[in-house]
Amino acid sequence: MIDLNKLKDNPKLAEKLTAKGSTADIDHLFSLNDSKNTMQVELDDLKNKKNEISKLIGELAKNGENIDEDKNKSNEINESIDALQEKFNLAKTELSGLLLSIPNIPDDDVPIGSNEEANIVVSESIYTQKSDGLDHTQIGELIDGVDFNKATLISGARFVVLKGKVAKLQRALIQFMLDEAENNGYQEQYVPYIVNTESLIGTGQLPKFEEDQFKVDDNKYLIPTAEVPLTNLLRDTTLNESDLPVKLTAHTPCFRSEAGNYGKDTKGMIRQHQFEKVELVKFVHPEESDKALEDLTDNAAQLLDKLELSYRKVVLCTGDLGFSSAKTIDLEVWLPSQNCFREISSCSNFRDFQARRINVKVKNSKNKYIPHTLNGSALAVGRTLVAILENNYVEGEGVHIPSVLSKYLDFSLIEEKN
RNA sequence: GGAGAGGUGGCUGAGUGGUCGAAAGCGGCACCCUGCUAAGGUGUUACACGGGCAACUGUGUCGAGGGUUCGAAUCCCUCUCUCUCCGCCA
C-alpha cells in the first residue's frame with residue numbers, strides 16, 4: 001500500500017505510477033481523502049455531543065430527575081450520526097479499495113518503459129551455450145521421464161507428470177536449493193498451500209488479480225507462490241529491531257490459473273498451473289533493502305553458477321514490474337531450444353509496500369518503523385529442470401546431472417531409452 | 001461430522017447496562033534508595049484514525065459484523081477462531 005502523504009509531498013511520484021501503467025486518478029484520491037477527513041471531524045464532534053448527553057442522562061437518572069428531553073435530543077443527534085456515518089463509511093471503503101489497487105512506486109533507478117524491451121541486461125554468466133537444441137518435451141520423451149499426456153488425462157492442460165529419474169532430479173533440485181538457502185542464513189519453513197483472502201491482499205495478489213488465483217472456497221485460495229504464506233507469517237506483528245533481518249525460505253508447489261495467457265508457452269513445462277519453487281523472503285531495515293536485494297539476487301544466481309547454467313541478470317523496466325514491486329531483478333536462464341534466455345528467478349524489493357499491507361512494524365528503544373520486504377525465487381524448480389534437460393542433453397547418451405547434485409542422487413546420467 | 005467450553009491490554013486475570021480503555025498481579029520502562037551480584041519505594045506503560053505548529057485534543061477499539069438502548073466489555077442475533085470430548089482419518 002502506498003503512503004498517501006508521501007505522494008502528496010512529492011507530485012513526481014504520481015508520474016512514476018503512470019510509467020508503471022497505473023491509471024489511478026490521484027487527484028480524486030486526494031479529494032476523497034480530504035472529504036473523508038472532514039466528515040470524520042464532523043462525525044467525531046457529533047459523537048462527542050452524544051456521549052456527553054448520555055453521561056448527563058446517567059447522572060440525572062440516578063438523581064431521579066426527568067430525562068425525557070435529553071433522550072429526545074440524543075435521538076436527534078443519533079439520526080444525524082447515522083446519516084453522516086453512512087456517507088463516511090462509503091468514502092472510507094472507496095478510499096481503501098482504491099489504495100489497495102494502486103501499485104507500488106518504482107525506484108528511481110528503474111528504467112522507464114512499457115514492456116520488456118525496455119528491460120536492461122546488467123550481466124551475463126555464460127558456461128556452455130548451445131543453440132538449436134532439442135526442447136525439453138522431446139528430450140523428456142527420449143529419456144522417458146516427462147509425460148504430458150498422462151497429466152492431461154488425469155487433470156487437463158498445463159500439468160505434467162515426471163517419472164523415475166526425472167522426478168528424482170526435481171526432488172534433488174529442491175533439496176539442493178533449500179540446503180543452499182540454509183547456508184545463506186534463511187530458515188526453512190513448512191507452510192500451508194491454501195491461504196485466506198487477507199494473506200493475498202497482504203502481498204498484493206488481491207484485490208486486483210483474482211483471476212490469476214485458484215480459488216478453492218469462499219475466502220480460500222491455493223498459493224501462487226510461497227511468498228504469500230512466508231510474508232504473511234509476520235502479518236500483524238511488531239518485531240524487535242534485533243530480530244532483523246528476518247530471512248525465511250520454503251519449498252512449495254505454486255498454483256497459477258494463467259488466465260490471460262492463452263496461447264503463450266502452451267507447450268511444455270515453462271508455464272504450468274502447478275510447479276515447484278523454492279522461495280526466499282526477507283524483512284530488513286529500510287536502509288538495508290538496496291543491499292538486501294543485491295544479496296538476494298546473488299543467492300539465487302549462485303545456484304545457477306553451481307548448476308553451471310548460463311544466465312543473465314536483467315533489471316525490469318517500469319512497465320514490466322510486478323504490482324507490489326519497487327524494483328525487480330530477473331535472472332534468465334539460457335534455453336537452447338528457444339535460443340533465448342527465459343526467466344527462472346525474480347527478485348524484488350517491495351520497500352514498505354507489503355509491510356504496510358500486512359501491518360508489520362519494527363520497534364527499537366526509541367520508536368517504531370515499517371520494515372522493507374523482499375523476495376525472490378531460488379529457483380523456479382520446474383524451469384530449472386527444463387534448463388538442465390535442455391542444456392545437459394547429449395545426443396545418443398542422455399541428460400548429464402550437474403555434479404553439484406551428485407550428493408543427492410545415485411546416478412549421474414539419465415539415459416535415453418533405446 | 002456430533003457435543004460442549006471459551007475469545008478482555010505484552011502475559012495472567014477481574015469485570016452482567018452509565019463513574020470502564022477497563023481492577024489486580026506479573027512483565028517492561030524511568031527515577032529514587034541501598035555498598036554488594038538481591039530487595040525495596042515512586043511514577044509510568046495499548047492500538048488505530050482524525051484535528052492542531054505544538055502543548056494537547058476528539059473518536060473508535062474488550063475476536064468480527066449487525067441489533068436493542070439516551071448509553072453495551074456487559075443483553076440479543078450472525079459469523080469466525082481456539083480449546084475439550086466423541087466419531088472418522090494420513
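Below are the figures for this structure:
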quantity: Order by protection proxy (mean Cβ within 10 Å, highest first), peptides A:182-189, A:59-66; calculated: A:182-189, A:59-66
quantity: Of every Cα-Cα pair in the range A:21-136, the percent that sits beyond 17 Å; calculated: 74 percent
quantity: Distance between the range A:248-263 and the range A:327-397 - C-alpha centres, whole angstrom; calculated: 13 Å
quantity: For the range A:274-418: Kirkwood Rh in Å [reciprocal of mean 1/r, alpha carbons]; calculated: 17.0 Å
quantity: Other-chain or far-sequence residues with amide H under 5 Å of A:N359's (modelled H); calculated: A:D236
quantity: Mean Cα-pair separation over length for chain A, i.e. relative contact order, pairs under 8 Å, 6 or more apart, %; calculated: 21 percent
quantity: For the range A:196-210, Karplus couplings with θ = phi - 60° (6.51, -1.76, 1.60), whole Hz, Gly/Pro x; calculated: 8, 4, 4, 5, 6, 5, x, 8, x, 6, 10, x, 7, 10, 4
quantity: Cβ-derived FRET efficiency at R0 41 Å, A:N261 paired with A:S412, nearest 0.05; calculated: 0.70
quantity: Sorted peptide list for A:388-394, A:269-275, criterion being average Cβ within 10 angstrom, highest first; calculated: A:388-394, A:269-275
quantity: Environment charge of A:L60, counting only residues whose C-beta is closer than 11 Å and scoring Lys/Arg +1, Asp/Glu -1; calculated: -2
quantity: Computed label-point distance, nm, for sites A:E397 and A:T93 using a 7 Å Cα→Cβ extension; calculated: 6.6 nm
quantity: Rounded to 10°, Cα long-axis angle of helix A:381-391 versus longest principal axis of chain A; calculated: 20 degrees
quantity: 15 Å reach of a label modelled at A:D236, 7 Å along Cα-to-Cβ, counting backbone N of the range A:347-384; calculated: A:357-361
quantity: Cα-derived Rg over Rh, computed across chain A with Rh taken as Kirkwood radius; calculated: 1.11
quantity: For A:S365, solvent-accessible area (1.4 Å; no DNA, RNA or ligand), Å²; calculated: 120 Å²
quantity: Rg/Rh (Cα only; Kirkwood hydrodynamic radius) as it applies to the range A:115-216; calculated: 1.03
quantity: ³J(HN,Hα), Karplus 6.51/-1.76/1.60, whole Hz, each residue of the range A:159-164, x for Gly, Pro; calculated: 10, 9, 10, 10, 10, x
quantity: Structure-based [θ]222 nm, chain A - -39500 (n - 2.57) summed over DSSP H runs of at least 4, per residue, nearest 500; calculated: -13000 deg cm²/dmol
quantity: Calculated SAXS-style log₁₀ I(q)/I(0) at q = 0.18, 0.21 Å⁻¹ - the range A:348-413, Debye, Cα scatterers; calculated: -0.74, -0.89
quantity: Simple spin-label estimate for A:I120 and A:S31 in nanometres, 7 Å along Cα-Cβ; calculated: 3.8 nm
quantity: Chain lengthening between A:I112 and A:K47 when straightened (0.36 nm per residue, less Cα-Cα); calculated: 18.5 nm
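The values are calculated or read from the model by the stated rules, or taken from the named source; none is laboratory data. This structure is a prediction, so every number in the text was calculated from the model and none was measured. As a convention, Cβ positions derive from the backbone with ideal geometry for all residues, glycine included, and neighbour counts pool all protein chains shown. Only protein heavy atoms, including side chains, enter the accessible area calculation; ligands, DNA and RNA are left aside. Shrake-Rupley method; radii C 1.70, N 1.55, O 1.52, S 1.80 Å.
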